[in-house]
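*Asks:* Below is one structure. I have some questions about it.
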Amino acid sequence: MSTLPIKLEPLATAVSFSEDSLKMVLADGREVTAPLEWFPRLRDATDAQRQNWRMIGGGIGIHWEDVDEDISVESLLAVR
């Protein structure tokens, strides 16, 4: 009898920003950092707008209402 592998979806638990990057902390302890240049809406947003985020889909992504931006964890992990 064979067992099928279980695919665990990476989930975000926190988001923070530096002057030029976005950092997402994942539930498994990984930290993913990406340059803000990849996300012009967030790059051009105020600090208050960047801090106004919420988890979507139980952590599969982050949504910023003020700047109409959504970023999925999977998309950040897929970029090479």
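*Asks:* Place +1 on the Cβ of every Lys and Arg and -1 on the Cβ of every Asp and Glu in the chain, take the dipole about the Cα centre, and give the residue among A78, F17, T46 whose Cα lies farthest towards its positive end.
*Replies:* Going by the charge dipole, the pick is A78.
*Asks:* Taking only the Cα atoms of the chain, how large is their convex hull per residue, in Å³?
*Replies:* 98 Å³
*Asks:* Please get the size of the charge dipole for the chain, origin at its Cα centre, with Cβ charges of +1 on Lys and Arg and -1 on Asp and Glu, quoted in debye to the nearest 20.
*Replies:* 340 debye
*Asks:* Could you pull out every residue, at least 5 positions away or on a different chain, whose amide H is within less than 5 Å of the one on L11? Hs are placed 1.01 Å off N in the peptide plane, and Pro or chain starts have none.
*Replies:* When sequence neighbours closer than 5 places are left aside, the close amide H contacts are A27, D28.
*Asks:* Compute the relative contact order of region 12-78 as a whole-number percentage, counting only Cα pairs closer than 8 Å that sit 6 or more residues apart in sequence.
*Replies:* Once normalised by length, the contact order is 24 percent.
We did not get these values from a lab; they are worked out from the coordinates using the rules stated. Quantities reported herein were computed from a predicted structural model and do not represent experimental measurements. We place every Cβ from the backbone using ideal geometry, glycine too, and count neighbours over all the protein chains shown.
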